[in-house]
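The values are calculated or read from the model by the stated rules, or taken from the named source; none is laboratory data. These numbers were taken from a predicted model, which means no experiment stands behind them. Here the Cβ is made from the backbone with ideal geometry for all residues, glycine too, and neighbour counts use every protein chain on show. Note: areas computed on protein heavy atoms with side chains; ligands, DNA, RNA excluded. Shrake-Rupley method; radii C 1.70, N 1.55, O 1.52, S 1.80 Å.
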Amino acid sequence: MRSKQELGEAIRRHRRAVLVINARSRRGRRRYDHARSRLRAAGFDLLGTYPVDRPGQLEESLTAAAALAPDLLVAGGGDGTLSAAARLLAHRDMALGLLPLGTTNNFARTVGVPLDLDGAVAVLTDGKVIDVDLGLAGDVPFANHVGIGLSADIMLRTPPRLKRITGRLAYPLTALGLLARHRPMRATVRSAGAEHEFVTHQLYVANGGFHAGRRITADADADDRLLVAYPVGGPTRRGLLRDTARNAATGHRRTLGDEPFLAVRELWLETDRPARVEVDGELCGQTPIRLGLAANALRVMAPADSPDR
């Protein structure tokens, strides 16, 4: 395994890359040709290009791309696409390059990658290789978050067409339709000998620093060896709506030491009835579930001034 500095030098010198773009993401289809031409104009030798436009094709395309043994695997799409690429590249001698083309782009925001295509390509050419943590939901790595409760039901019910048309608004619009009949759950979080109980419609456990395109807290990121567990609201629907708005408006001013955040390295989570679990926007089983960390598991291209612990 090369050092981060050696891998970064190889990327700058040889520009050996592969490109995988989820053409089914919100902006992926119309940005594929532009991304490919921008990377070639930046001097990258594209060993393979993979536009993904069919359900079930993403994992196959990522595996085929990685098999070409590039120094840099460039993935374009939303958080689900980038999380799938992160899972594949965990603990491998290869860096992940991010082209944020999705709805909320939480992982790109956490790493500091610009959301415009030209800015993201500039990071690939002028940035550096850093390593960041991945969360573990059971044995499934995740880049951003695990959601238990209403968010998993929203993932199941949000129409893809609505996401393409309205972007981030698709999720709250779907939530409003589901909330009238949604029941709160009693969630128990156990970690480091302590037990915490919440009665809520929604619980998150985050690895990254952003959720729904907004900061979770001012000091949460994907390189701090911590998971952050927090409920959104209490047992009432009004509380859920109030705290959702509060989190969006004040996340950049709050810290991990504030209520109701629990910053831990691992935890066991169970609910009073089986609840769906979504991992980076993809449904992934149900409670109970163990969540942990794989420290510095992923190498990723980030801006040159990014901190790297």
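Once backbone amide H atoms are built at 1.01 Å from N, THR104 has ASP79 as its partners under 5 Å, excluding neighbours fewer than 5 places away on the same chain.
Using a simple spin-label model with pseudo-atoms 7 Å out from Cα toward Cβ, GLN57 and HIS182 lie 3.3 nm apart. In whole angstrom, note down how far apart the Cα centers of the stretch 201-260 and the stretch 107-145 are. Rounded to whole Å, the Cα centres lie 19 Å apart.
When DSSP beta bridges are restricted to pairs lying wholly in the chain, around 70% turn out antiparallel. Taking the inverse of the mean 1/r over every pair of distinct Cα atoms in the stretch 191-306 gives a Kirkwood hydrodynamic radius of 15.3 Å. Mean residue ellipticity at 222 nm, helices only, the chain: -9500 deg cm²/dmol; runs of at least 4 DSSP H residues each add -39,500 (n - 2.57), and the sum is divided by the number of residues. Between the entries (i) 55, 41, 33; (ii) 62, 42, 30; (iii) 63, 52, 39, the label attached to Cα extents along the principal axes in Å calculated for this structure is (i). The convex hull defined by the C-alpha atoms of the stretch 1-121 has an orientation-averaged projected area of 6.6 nm². Computed about the Cα centre, the dipole magnitude for the stretch 98-167 is approximately 400 debye when only Lys and Arg (+1) and Asp and Glu (-1) carry charge, each at its Cβ. At 7 Å along the Cα-to-beta-carbon direction for both ALA90 and ASP258, put a label point, then send me their distance in nm to one decimal. If labels sit at ALA90 and ASP258, their model points lie 3.0 nm apart.
When the Cα positions of ASN296, ALA222, PRO160 are compared along the charge dipole of the chain, PRO160 comes out farthest toward the positive end, with charges on each C-beta of Lys, Arg, Asp and Glu. Dipole magnitude for the stretch 245-309: about 80 debye, using +1 per Lys or Arg Cβ and -1 per Asp or Glu Cβ, origin at the Cα centre. Modelled this way, with points 7 Å down the Cα-to-C-beta line, the labels at ARG161 and ALA194 are 4.8 nm from one another. Across the stretch 72-81, rounded Karplus estimates of 3J(HN,Hα) from the backbone phi angles (6.51 cos²θ - 1.76 cosθ + 1.60, θ = phi - 60°) give 9, 9, 9, 10, x, x, x, 5, x, 5 Hz, Gly and Pro being marked x.
Counting only Cα atoms, the size of the stretch 245-293 along its three principal axes is 33, 23, 22 Å, in decreasing order.
Its Cα gyration tensor gives the stretch 56-118 an equivalent ellipsoid. The semi-axes, each the square root of 5 times an eigenvalue, are 19, 13, 10 Å from largest down. What the stretch 157-309 shows is 50 Å² of accessible area per residue, with the surface traced by a 1.4 Å probe over protein heavy atoms.
Give the carbon-plus-sulfur fraction of the accessible surface of the chain in %, rounded to a whole number; probe 1.4 Å, heavy atoms of protein chains only. All intermediate terms of the calculation are to be shown ahead of the outcome.
Values: 6670 of 13370 Å².
Here it works out to 50 percent.
Under a model in which nothing but the beta-carbon of Lys, Arg (+1) and Asp, Glu (-1) is charged, the stretch 199-299 shows a dipole of about 340 debye around its Cα centre.
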